[in-house]
Amino acid sequence: MGRSLGYYVDTAKNYAQAVLNGEIPACKWTKAACRRQLDDLDRANHDPDYPFEFKVDKAEHICRFNELLPHVKGRWAGQKIQLEPWQIFNETSVFGWHRKDTGYRRFRIVYIEVARKNAKSTETSCVSLYMLTADGEPGAEIYSAATTQKQAKIVFNTAKKMARMESEFRRRFGVVAQEHSIYEVINDGLYEALSAEGSTQDGQNTHFASVDELHAHKTRDLYDVIETSMGSRTQPLMWNITTAGKNRSGICYEQRSYVTSILNAVLLKHGGLGYPVKGAVVNDDTYFGIIYTIDDDDDWTDESCWPKANPNYDVSVFPDDIRRLAEKAKKLSTARNNFLTKRLNVWVNAAEAWMDMLKWDACADTSLDIADFEGEECFVGLDLAEKNDFAAEVKTFWRGDTLYVFPFLYLNDAAIEDSENSQFEGWREDGHIIGNEGDVTDFDQIAADLIDTAKRFDLQEIPYDPALSRYFATKLINDHSLPLVEMRQNGITFTSAVTELENLVLEKKIKFKGNPAFTWMMSNVVVSESKFSGLKHPTKENAANKIDGIIALLMALARAVVKKPNETIEQGFATL
């Protein structure tokens with residue numbers, strides 16, 4: 001297209017600076033990714049010990065290649081692709097950085113999370129063809145991977161159509177685009193679609209793999225097979241593209257959490273860039289990640305925040321279309337989650353929304369220390385299970401009109417290791433889940449903790465469901481005089497607690513120890529409401545979506561609300 005040397009790199013720098021200056025609407029994760037790139041460029045220019053160098057020619061090459069390929073559908077079909085500044089930023093960042101000692105690429109994994117209709121599949125098709133033909137890798141094996149063959153074919157078929165439409169491209173690189181495979185005959189390269197539906201995915205020697213709609217992957221099997229198949233390549237690349245989803249226990253949210261940890265390190269270095277820094281902090285120079293979504297405090301109905309999740313706003317994402325869907329989401333709660341995930345790239349909970357997870361996440365406080373509450377009144381909710389479900393003990397304290405919450409989640413090691421939840425083992429290692437050897441959860445450990453709780457705090461009540469734990473409770477009452485009280489898990493019990501918890505979260509008058517397993521449980525809660533009585537009952541969509549910690553919280557809250565301070569009354573009597 002006749003671009004001058006340096007055009008793409010300059011465009012990427014200008015984009016990053018415009019994001020940080022507020023000229024381009026962006027969320028904190030996009031800002032952190034931009035800040036990271038500018039910081040790294042500064043280090044490369046001024047720190048001789050920095051192990052990476054930014055090669056302008058490599059950064060430019062990928063962009064020039066992609067802009068020689070055509071659109072294959074829609075109103076631009078047949079026209080050459082023109083990369084938008086945000087795409088140029090991502091591509092130059094990923095392909096420009098190289099190790100000084102080996103000359104190989106710095107980044108091995110890419111995670112790009114963005115709302116639908118932002119041309120991520122088209123861009124990925126271009127990158128796939130580049131890695132097949134122009135990356136200089138002999139015998140390159142390229143895969144478009146997804147949960148189903150149909151999904152995997154989306155990126156592959158777009159690449160196939162691009163190749164078939166460009167005869168010059170086919171001649172230059174010796175490309176043969178067949179129905180189910182694309183061959184690069186000069187260097188013996190191969191490009192195919194790959195799905196989790198196949199009987200096996202072993203045997204690959206992957207140079208590049210795109211994983212499409214990672215949020216839809218129910219297990220981590222395909223992801224792990226691809227990642228391990230890259231071991232013998234010198235500079236392989238896994239390119240993950242996805243929109244947000246609702247499964248916070250899967251491989252996608254695991255990768256997303258890792259990305260936010262990397263970006264948190266950038267935020268921490270720069271005083272938060274105007275945001276509170278929440279969650280883990282990780283440094284990983286081999287992982288590139290960027291997330292386009294709205295910020296925690298944004299009103300999703302406010303049109304001004306929509307471009308944050310849609311960097312192709314008014315290009316391939318049309319404001320009228322989003323406006324129409326937003327109006328529908330305002331009127332129909334059943335349409336709201338779909339709008340939030342697909343159009344604003346917001347992770348939600350179960351299909352029928354209950355908790356606003358943006359507001360819930362805003363109530364997390366990793367600095368909380370239960371030792372600071374020694375001697376204070378405490379209500380403990382108890383939800384017990386022996387084998388496959390969690391045993392949950394949730395301690396709650398009132399300070400003024402704010403409720404402080406400390407979850408303790410118990411699960412035996414066999415259930416942890418056999419679970420389809422890809423994060424259980426990591427959560428156990430980080431102390432968010434308390435494990436024990438064997439295939440039965442250790443009730444003696446829970447009993448010991450409750451006895452210790454009675455010694456350390458002014459223990460008021462421990463509500464429990466007699467249907468699940470009458471023998472256990474009787475022993476603690478008789479042997480240790482603990483204040484356990486029966487509370488059956490039904491709509492009468494839960495309705496007021498559900499309403500109270502909603503209000504506490506909305507008003508930011510609840511603080512909980514930032515436990516990701518506990519937050520995952522909250523994201524799984526569905527609240528059913530009787531059409532006749534109006535009673536509410538928390539439930540879950542399926543057995544894998546554990547909610548035990550939230551049940552324990554609601555049980556504690558049902559009793560704790562009786563002693564909730566009423567500042568208005570107290571102040572009123574104080575004036576008499």
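Pairs over the 19 Å Cα-Cα cut-off, from the set Lys28/Lys513; Lys387/Lys546; Lys328/Lys359; Lys308/Lys342; Lys246/Lys536: Lys28/Lys513; Lys328/Lys359; Lys246/Lys536. Scaling the Cα radius of gyration of the chain by the globular reference 2.2 N^0.38 Å produces a ratio of 1.08.
Computed over the Cα atoms of the range 397-489, the ratio of the radius of gyration to the Kirkwood radius (Rg/Rh) comes to 1.01.
Each Cα pair under 8 Å and six or more residues apart adds its sequence gap; the mean of these over the residue count of the range 361-563 is a relative contact order of 31 percent.
Identify, among Ser530, Ala467, Asn283, the residue whose Cα sits farthest towards the positive end of the charge dipole of the chain, taking +1 on the Cβ of Lys and Arg and -1 on the Cβ of Asp and Glu, with the dipole about the Cα centre. The residue sitting farthest along the positive end of the dipole is Ser530. When the alpha carbon coordinates of the range 40-187 are projected onto the principal axes, the ranges are 49, 36, 31 Å, largest first.
P(r) tail for the range 221-295: Cα pairs beyond 16 Å make up 60% of the total. For the range 333-389, the spread of Cα positions along the three principal axes, ordered from largest to smallest, is 47, 31, 18 Å. The equivalent ellipsoid of the range 361-563 has semi-axes of 22, 21, 19 Å, largest first, where each one is the square root of 5 times an eigenvalue of the Cα gyration tensor.
When each of the peptides 85-93, 472-480, 379-387 is scored by how many other beta carbons lie within 10 Å of its residues on average, the order from highest to lowest is 85-93, 379-387, 472-480.
Expressed as a fraction of 2.2 N^0.38 Å, the C-alpha radius of gyration for the range 117-242 is 0.98. Any lysines with Cα under 16 Å of the Lys153 Cα? List them, leaving off those in the same chain fewer than 8 positions away. Partners found: Lys73, Lys120, Lys161.
For the chain, relative contact order (Cα pairs under 8 Å, six or more residues apart, normalised by length) works out to 13 percent.
Laboratory data are not the source of any read-out in this text; all were calculated from the coordinates shown. Computed from a prediction, not measured in an experiment: that's the story for all the values here. So basically every Cβ, Gly included, is an ideal-geometry build from the backbone, and we count neighbours across all protein chains shown.
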